[in-house]
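Have a look at the structure below, then the notes.
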Amino acid sequence: MSAVHVDPEVDVALAVDLGDLVLPTPVLAASGCFGSGKEMSEAIDLTGIGGIVTKSVTLEPRHGLPVPRMAETDSGMLNAIGLQNPGVEEFLAKDGPVIESLGVPVIVSIAGSTVEEYARVAMMVRDLPGVVAIEANISCPNVARRNQVFACHPDMASEVIGTMSRLSRQPVFAKLTADVTNIVDVAQACVRAGAQGLSLINTLLGMAIDVERMRPKLGSITGGLSGPAIRPVAVRCVYQVAQALPGVPIFGIGGVRTAENALELMMAGASAVQVGTANFFDPGATIEVARGIEAFLRRRGLASPADVVGRVQTEHAIPEPSYRGG
């Protein structure tokens, strides 16, 4: 975003209200890119961020996928980590005390292969001090149903979100994938099942090939594409879901590197955003994006991030063709 004149007289409050969840700024660190905050606390002042979404936690330890697990692309990154994590018991033992001491809102990301696994982890983390919400990473295969991805089917997404919402004391946000025919259908099913909000979007399935070696660049062949390449897809998904579910809090995720990127998602309908891949090359990206949003609000004479949410002007645009409604 280009340099702007900032009016110091404008009183701007960056806090955002997402129903049962209030955050100090609308910019959070996305899952898998910030750990639980301990390492990053040595590099940046965590009080300047809106919150931290932990790496996804599963019931049992997972060793992850074969190497190589990461590959750069022209405008993003492919990763195939495979939800590597120590399991919920070690997470509670090692990361629990850290989360409690950070003084920053923490959202625990939960993943699983069955509805029961999601439920058991949700019950185990619900009393952890410092945890303000649960992000249900349902872009995982359901081993009980022929390895079909939960988030690709409204009924399966509804089942896991409904179960977690009943068992969790914190609000549940369903993290959805754009690798579906109609993301609105899945989003509506999750909200009907009890999700307080939605996280849009997860990585997109991609693949890269080393042409000299004639082999995939990732050990698992395919992986999740993140970074600037997926931002237009994220903006589209946020806009469509926000139009269908007005008032439902949405975390916009996908290629956020600057305040302008974040504001684009917010104007499409996101109440807040998460910064992911940018953290790998700029640990302070989350704070800088929040400062940029504050500068934009001051320049426009606006009091809070809520003043830009869903404010994209479309009255003179050609209506979207019905066959592309998903």
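None of the figures in this text is laboratory data; all of them are computed from the coordinates on show. Just so it is clear, the model here is predicted, and its values are computed rather than measured. Cβ: placed from backbone, ideal geometry, glycine included. Neighbour counts: every protein chain shown.
Report the calculated FRET efficiency for Glu42 and Gln148 (r = Cβ-Cβ distance, R0 = 30 Å), to the nearest 0.05.
0.15
Taking 7 Å along the Cα-to-C-beta vector as the label spot, tell me the Gln313-Ile209 distance in nanometres, rounded to one decimal.
4.7 nm
Fewest Cβ neighbours within 10 Å first, please rank Phe150, Phe281 accordingly.
Phe281, Phe150
In vacuum, with every alpha carbon of the stretch 70-228 counted as one equal point scatterer, what does the Debye formula give for log10 I(q)/I(0) at q = 0.16, 0.17 Å⁻¹? Two decimals, please.
-0.95, -1.04
How large is the helix-only mean residue ellipticity at 222 nm for the chain, computed as the sum of -39500 (n - 2.57) over DSSP H runs with n ≥ 4, divided by its residue count, in deg cm²/dmol to the nearest 500?
-8500 deg cm²/dmol
Excluding same-chain residues fewer than 8 positions from Lys175, which lysines have a Cα within less than 23 Å of its Cα?
Lys55
On the first, second and third principal axes, largest extent first, how far apart are the outermost C-alpha atoms of the stretch 155-239 in Å?
Its Cα atoms span 52, 26, 22 Å along the three principal axes.
Nearest 5 percent is fine: what portion of the DSSP beta bridges confined to the chain is antiparallel?
40 percent
Among Ser31, Ser220, Ser36, what is the fewest-to-most ranking by other Cβ atoms within 10 Å?
Fewest to most other Cβ atoms nearby, the residues stand as Ser220, Ser36, Ser31.
What is the sum of charges, Lys and Arg at +1 and Asp and Glu at -1, for the other residues whose Cβ falls under 13 Å from the Cβ of Gly284?
Charge balance in the 13 Å sphere: -2.
Normalising by the residue count of the chain, find the relative contact order in percent from Cα pairs under 8 Å and 6+ residues apart.
20 percent
Compute the normalised compactness of the stretch 16-311: alpha-carbon radius of gyration over 2.2 N^0.38 Å, N being the residue count.
For the stretch 16-311, the normalised Cα radius of gyration is 0.93.
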